[in-house]
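*Asks:* The following block contains the structure, expressed as structure tokens.
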Amino acid sequence: MALDSKIPKGPIADKWTNYKNHIDLVNPANKRNIDVIVVGTGLAGGSAAATLAELGYNVKAFCFQDSPRRAHSIAAQGGINAAKNYQGDGDSTYRLFYDTVKGGDYRSREANVYRLAEVSANIIDQCVAQGVPFAREYGGLLDNRSFGGVLVSRTFYAAGQTGQQLLLGAYSAMNRQIGRGKIKMYNRHEMLDVVVVNGKARGIITRNLITGEIERHSAHAVVLGTGGYGNVFFLSTNAMGSNVTAAWKAHKRGAYFANPCYTQIHPTCIPVSGDHQSKLTLMSESLRNDGRIWVPKKMEDVLAIRNKTLKPKDIAEEDRDYYLERRYPAFGNLVPRDVASRAAKERCDAGFGINATGEAVFLDFAAAIQRYGKEQAHVKGLNENDAALVKKLGQEVIKNKYGNLFQMYEKIVDQDPYETPMMIYPAVHYTMGGIWVDYNLMTTVPGLYCIGEANFSDHGANRLGASALMQGLADGYFVLPYTIGDYLSQDIRTGKISTETPEFEEAEKNVRDRINHLINNNGTHSVDYFHKKLGKIMWNKVGMSRNAKGLNEAIIEIKALREEFWKDVKVPGTNEEFNEELAKAGRVADFLELGELFAKDALMREESCGGHFREESVEESGEQKGEAKRDDENFAFVAAWEYKGEPSEAVLHKEELEFVDIELKQRSYK
Amino acid sequence: MNLTLKIWRQKNANDKGKLVDYKINDVSPDMSFLEMLDVLNEQLINKGDDPVAFDHDCREGICGMCSLYINGEAHGPDRGITTCQLHMRMFKDGDTIFIEPFRATAFPVIKDLVVDRTAFDRIQHAGGFISVNTSGNTIDANAIPINKHDADTAFEAATCIGCGACVASCKNSSAMLFVGAKVSQFALLPQGKVEATERVLNMVKQMDEEGFGNCTNTGACEVECPKGISLENIARMNREYLSASLKG
Amino acid sequence: MSGILNSSIGRKFAMALSAFFLMFFLLQHFAINVTSVFSADTFNETSHFMGTNPLIQYVLQPILLFGVIFHFVMGFVLEIKNKKARQISYAKNNGAANSSWMSRNMIWSGLAILAFMGLHFYDFWFPEINTKFIEGDMSGLLADGSGYRYYEELQHKFVDIWRVALYCIAFVFLALHLLHGFNSAFQSVGANNKYTKGLKGFGKAYAILIPLGFVIIALYHHFNHIS
């Protein structure tokens, strides 16, 4: 099947408006007869469920957590971008569009990104109307901060808990519809298959995580807002429950999986402390506004720090290597995430990592504390040369800006970041890849939609900070509710979808067989044992930098591990009870398939772009020597994989990317 | 560190349940409390026993999924954190640690340490929102300036993660800190004032129907709240409720 | 407005209002008692006025009685409801880590105060009612008619060291009850913001000084009589 992205004709700035003017609509009386299933209740799923219910559709919403409010969008810290230009610093829809395409290393679809930038301003209006308490200035108007990879301040925020506040906004919109009976909420339910009837997605199979009951749910359309798959690495900043299962089941039922290898490795996370580690904690990118990243210049200093015979603050200024400022003078510490992560890895691989594992660099606030302290002393008319006073005042400013992050760091690491620099290291954070969707956000299965992080759409090969929240809410509040109507307008005479059909029967049987297999397997190793092994392969061979040899090895190793898993996994208990091991086993089984496709995709893409870095593809000479080298001639396409049984047999479909409104250029942050 | 754990085990909602002792050795002080339980569960699974069920998800203190009453306190002995942020360095070698579920009639046990907190959701369904359509066609976000102090106070109330530690810590199992926080967030913002009367009446009514106890102002909730939600929010809810009752 | 007493916040508000009333009464009671230390005559005259003024006797006294009974009954009702809100208690509970002993034991300090009130009624209130309304002697005079009886009766009651001891212990409980109750009542009616921070200290002072005053008066009369 040829990929049709269904991008509307016309100039980019008019596409979305023209599209909305010409789609079919469903009249309110008919909406009452149409059911929509929304899986996942994060920013994308939650906002979509609320909006669809408000339009009049009957929505059934599903989440595996005990409440929609727990979805992992809640953990987003820094902020949400919007082209409001409240700061008057030259921002515009076009500039947000441009920054996002450039930041994504020219691997995203122009029309989608433009639409995202276009609706971004509405998101802020909407959220404020819902009572989201964004940070404000003393004049009562909204405040903005700056994020990596851009030259304007367009990020709206609520301290370090922006995701929480936005999710609670979407959750409150859902609550209103649940209260009205327009959304039927299924908490602690996990989707385990999509049901396709006559080529259209018509329902899902779920497992009630409390009772183990396998249920059939039908609808006229199914929307997946099930988030990313970073947990394929075992250690990531994702929540423990974040998984690929819903997306993978959709893939197996015919939805193409696009660019699985595009993974964002976030540069500022708390380093791994030991084998017991279950997840990694992010320190918001906003810290790079004030923190300076460095490692010692001299090897003897590195060793002394590791042996704890030297304190970082005792290293003289000239013996420090502020490598981001050195390599990228224009953007300095605020280069995009992929660039910052690779630079940290480069220093650590060269042996300059500053903790016992050799995988950490410093994020230092001493300079910012001095700068703010002097400023405060000046404002308050105090002595600017009183070092203790300046430090105290400076620390207060830092505390106001990042207090919750500093506290979080201290609890985990047991060091005071006001006194000694933070230690940070990159960690898996976000997956730009995901289910392929067209301009309507519909997958290659008619009636099956995919929104938010779960789809591949807007971030190309690298996502800019504060854009994930923007995309999730744009998809759910403002894009999907239009595009799905166009599809559902064909369904006004269909009537209720029966669950008593051979298709539902077959899907349910599949689910039951798989669960029975897992429960009765009686192997010798726990689910986590396999998940950790998979994570190690992924991190070492499909992680921050990749090469053909490692990828080939990874493919073989993952396949072998998958076979071992099915032979030897041990799942205690029964299906008919609350059984977290069983739920985990199902998820890891899917990760073991995805992981192989992931490596296959990375192997196919013989270029470096965004978060995907192939060691074979670097600039050999000139000013950009050593930087990632993109290959637009051969790889300016979206890789959409069709399921054919084993991941190794997946078939590649290419959606060629056309750049009409933005000139393809090397991404330079020098 | 070597520890003795006394953990509440209960097969399902109808089971009676009891405390069971477990020994765990070689616990690293850098582990989080939940990672320590992961290690225990790994051992139980390898022995062929049923692992301990507990709720958790983000493991960075924001989703509100983790709970646990540890040594007589919600989220354990440390302050301003959730159980997932509690680290084993808070304990000493040889300690005995009691691990119980959050207890309240309104939070029935599902299994072991997992409880059902959907009562909180139902309270929110009753009024935890501003009735505005999600069309995006509202007024410009900067059209209504909001006093910074009010905006900040609303934000502080809104940082509640809905974990239920307030209910678990309260000797009366009262949910007033949770409800007070939500009522406050909206009551402080001009957008929320429009339907403030109905909101507080409906939410308090639902709260009472869920079987939570009455607040006697012990302040335990505020101390144990991982997000430091202030008792002022309860006072504000009381005011809002009384004036709403007089109006309505 | 209807059904407000059926809501948790309504009941809480009612508890607070009755508490305010009782705290005001206590202040007034103290003010009269304290005159006994300085002037027997003033004490006698005030007592006679309070004991015979129809407004106080037929309007305020029933309100007071109602307030006392309401506060107690509601206190028990709430306690029972609150117990029901947690049917299985914790095997280990470290209440001291997050709340004061006083706040967690209002029911016990309240019960101690209730027991004391039994004694107090037996000592003063029942005899008063008996003299005035059953025997019909509204004169307030001693049997020999030499003057008002109130001061004499007061002194007489504080002769017994055990009674004085019980009296003192009861006021310790009252102090504990007030140490939580005073500010709790303000919080219940919604007074907790930057303007009410000063109330906290005032509440503590009230909770300690008033019961201490009652204790000192009792001791004064006990030792005064002996010497």
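Values in this text are rule-based calculations from the coordinates and carry no lab data. These figures come from a predicted structure and were not determined experimentally. As a convention, Cβ positions derive from the backbone with ideal geometry for all residues, glycine included, and neighbour counts pool all protein chains shown.
*Asks:* What is the magnitude of the charge dipole of the protein assembly as shown about its Cα centre, with +1 placed on the Cβ of each Lys and Arg, -1 on the Cβ of each Asp and Glu, and no other charges, expressed in debye to the nearest 20?
*Replies:* Once rounded to the nearest 20, the dipole reads 1240 debye.
*Asks:* Moving on to the next point. Mind checking the dipole of the range A:268-428: about its Cα centre, +1 per Lys or Arg Cβ, -1 per Asp or Glu Cβ, Debye to the nearest 20? Mind dumping the intermediate values first?
*Replies:* Details: 24 positive and 24 negative charges, 51 e Å.
So the dipole magnitude of the range A:268-428 works out to roughly 240 debye.
*Asks:* Would you work out which of C:161, C:206, C:141 lies farthest towards the positive end of the dipole of chain C? Charges go on Cβ: Lys and Arg +1, Asp and Glu -1.
*Replies:* C:206
*Asks:* Arrange the following residues from fewest to most other Cβ atoms within 10 Å of their Cβ: B:24, A:265, C:134.
*Replies:* Fewest-to-most ranking of B:24, A:265, C:134: C:134, B:24, A:265.
*Asks:* By counting other Cβ atoms within 10 Å of each Cβ, how are C:113, A:492 ranked from fewest to most?
*Replies:* On the way: C:113 21, A:492 16.
Going from least to most buried by this count: A:492, C:113.
*Asks:* Can you pull out the trypsin sites (Lys or Arg not before Pro) in the range A:150-222 whose DSSP state is coil and whose Cβ has at most 15 other Cβ atoms within 10 Å? Mind dumping the intermediate values first?
*Replies:* Working: sites: A:154, A:176, A:180, A:182, A:184, A:188, A:200, A:202, A:207, A:216; in loops: A:154, A:180, A:182, A:188.
Sparse-neighbourhood loop trypsin sites (Lys or Arg not before Pro): A:180.
*Asks:* How large is the dipole of chain B about the Cα centre if only Lys and Arg carry +1 and Asp and Glu carry -1, each at its Cβ, rounded to the nearest 20 debye?
*Replies:* 620 debye
*Asks:* Using amide H atoms built 1.01 Å from N in the peptide plane, name the residues 5+ places from residue A:455, or on other chains, whose amide H lies under 5 Å from its own.
*Replies:* Sorted by chain and number, the residues that satisfy this are A:435.
*Asks:* Which is farthest toward the positive dipole end of the range A:502-637 among A:609, A:511, A:592, measuring Cα position about the Cα centre, with Cβ charges +1 (Lys, Arg) and -1 (Asp, Glu)?
*Replies:* After comparing all options, I get A:592.
*Asks:* Okay, next question. Could you tell me which of rounded, prolate or oblate describes the range A:1-155, using a ≥ b ≥ c as the square roots of the eigenvalues of the alpha-carbon gyration tensor, with rounded for a/c under 1.5 and, failing that, prolate when a/b is larger than b/c and oblate otherwise? Numbers along the way, then the final one.
*Replies:* Numbers: a/c = 1.72, a/b = 1.20, b/c = 1.43.
Taking the square roots of the gyration eigenvalues as a ≥ b ≥ c, the range A:1-155 is oblate.
*Asks:* Right, something else. Residue A:665: which lysines have alpha carbons under 30 Å from its alpha carbon, excluding same-chain residues fewer than 8 sequence positions away?
*Replies:* Output for residue A:665: A:6, A:9, A:15, A:84, A:102, A:345, A:541, A:549, A:600, A:625, A:629, A:654.
*Asks:* By counting other Cβ atoms within 10 Å of each Cβ, how are A:152, A:479 ranked from fewest to most?
*Replies:* So the residues, fewest neighbours to most, are A:152, A:479.
*Asks:* Rounded to whole Hz and in sequence order, give me ³J(HN,Hα) for the range B:88-95 from the Karplus expression 6.51 cos²θ - 1.76 cosθ + 1.60, θ = phi - 60°, writing x for Gly and Pro.
*Replies:* Each residue of the range B:88-95 in turn: 5, 5, 6, 10, 10, 3, x, 5 Hz.
*Asks:* Now a separate question. Measuring from label point to label point, each 7 Å out along Cα→Cβ, what is the residue A:505 to residue C:101 span in nm?
*Replies:* Taking the simple label geometry, residue A:505 and residue C:101 are separated by 7.3 nm.
*Asks:* Taking amide H positions as placed 1.01 Å from N in the peptide plane, with prolines and chain starts having none, which residues 5 or more places from residue A:60, or on another chain, fall under 5 Å of its amide H?
*Replies:* Long-range HN contacts for residue A:60: A:36, A:37, A:38, A:184.
*Asks:* Okay, moving on. Sequence-distant or interchain residues sharing an amide H contact under 5 Å with residue A:195, placed H: which?
*Replies:* Amide H to amide H, under 5 Å and 5 or more residues apart or across chains, residue A:195 pairs with A:202, A:203, A:204, A:205.
*Asks:* If you line up the long axis of helix A:548-568 against the longest principal axis of chain A, both from Cα atoms, how many degrees apart are they, to the nearest 10?
*Replies:* Once rounded, the angle reads 50 degrees.
*Asks:* Right, another one. Got a sec? Charge dipole of the protein assembly as shown, +1 on Cβ for Lys and Arg, -1 for Asp and Glu; which of C:19, A:139, A:177 is way out at the positive end?
*Replies:* C:19
*Asks:* Summing -39500 (n - 2.57) over the DSSP H runs of n ≥ 4 in the protein assembly as shown and dividing by its residue number, what mean residue ellipticity at 222 nm do you reach, to the nearest 500 deg cm²/dmol?
*Replies:* -14000 deg cm²/dmol
*Asks:* Next up: Which entries in B:16/B:92; A:584/A:644; B:92/C:92; A:252/A:559; A:584/B:11 show an alpha-carbon gap greater than 22 Å?
*Replies:* Over 22 Å Cα-Cα: B:16/B:92; A:584/A:644.
*Asks:* Could I ask something else about it? Let me check I've understood the local charge: for residue A:106, count other residues with C-beta under 9 angstrom from its C-beta, Lys and Arg +1, Asp and Glu -1. What total comes out?
*Replies:* Surrounding charge for residue A:106 is +3.
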